[in-house]
Amino acid sequence: MLLFSISVHIISSPQFRRPALPPSLIVGLIRLLFTGSSSLDHDFLCRARSSFSMALLVFVSAASGFVSVVSIAGSSFSGSFAGLISTLGFRGFGVGLIYGVYCVSSHRWVLNFPIVQVR
């Protein structure tokens with residue numbers, strides 16, 4: 001849960017940042033390898049950081065689902081540890097992955113601040 005909250009903290013922002021598309025990420029990484037960081041513009045770096053933050057949130061939510069289901073059901077599971085991982089662990093991983101994709105696709109990590117005006 002600590003890793004999940006850290007990844008949500010990294011990705012949350014008061015403004016929506018557009019992520020970079022996968023082909024532009026690949027081209028940017030190739031450009032970084034061959035020419036160095038001086039060839040990358042600031043807009044691409046912000047968009048790449050946003051893309052990697054979203055991927056981190058999806059991965060950490062899937063890992064969080066895996067670990068939480070294994071830790072909760074581990075003490076009462078009557079089979080072997082490998083059976084626990086293969087049955088319940090991967091189900092938790094799948095549910096966490098679906099939740100992470102849902103959070104990213106619905107922009108639930110963007111902080112919306114209402115404007116409060118007092119007269």
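Rounded to whole Hz and in sequence order, give me ³J(HN,Hα) for region 63-71 from the Karplus expression 6.51 cos²θ - 1.76 cosθ + 1.60, θ = phi - 60°, writing x for Gly and Pro.
5, 5, x, 4, 5, 5, 5, 5, 6
Please compute the Cα-Cα pair-distance distribution of the chain with 5 Å bins starting at 0, giving whole percents from short to long.
The calculated distribution, bin by bin, is 2, 11, 15, 15, 13, 13, 11, 8, 6, 4, 2, 1, 0, 0.
So for the chain, averaging the separation of alpha carbon pairs under 8 Å that are six or more residues apart and normalising by length, what relative contact order in percent results?
Value for the chain: 35 percent.
Can you work out the FRET efficiency for the pair Met1 and Ser24, with r the C-beta to C-beta distance and R0 = 25 Å, to the nearest 0.05?
That pair, Met1 with Ser24, gives E of 0.15.
Is there a quick way to get the dipole size of region 2-105? I mean about its Cα centre, with the Cβ of Lys and Arg at +1 and of Asp and Glu at -1; what is the value in debye to the nearest 20?
The dipole of region 2-105 has a size of about 100 debye.
Is the C-alpha gyration tensor of region 1-42 telling us rounded, prolate or oblate? Criteria: a/c under 1.5 is rounded; beyond that, a/b larger than b/c is prolate, otherwise oblate.
Prolate shape, in that a/c is at least 1.5 and a/b is the bigger ratio.
By what distance, in whole Å, do the Cα atoms of region 12-66 stretch along each of the three principal axes, largest value first?
Computed over the Cα atoms, the extents are 40, 26, 16 Å.
Ranking Thr87, Thr35 by Cβ neighbours within 10 Å, fewest first, what do you get?
The order, fewest Cβ neighbours first, is Thr35, Thr87.
For Leu32 and Ser76 in one chain, what is 0.36 nm times their gap in residues minus the Cα-Cα distance, to one decimal in nm?
Stretched out fully, the Leu32 to Ser76 stretch lengthens by 10.8 nm.
Every read-out reported here was derived from the displayed coordinates using simple, explicitly stated rules and does not represent laboratory data. Bear in mind the structure is a predicted one, so any value in this text is a computation, not a measurement. Note that we place each Cβ from the backbone using ideal geometry, even for glycine, and neighbour counts take in every protein chain shown.
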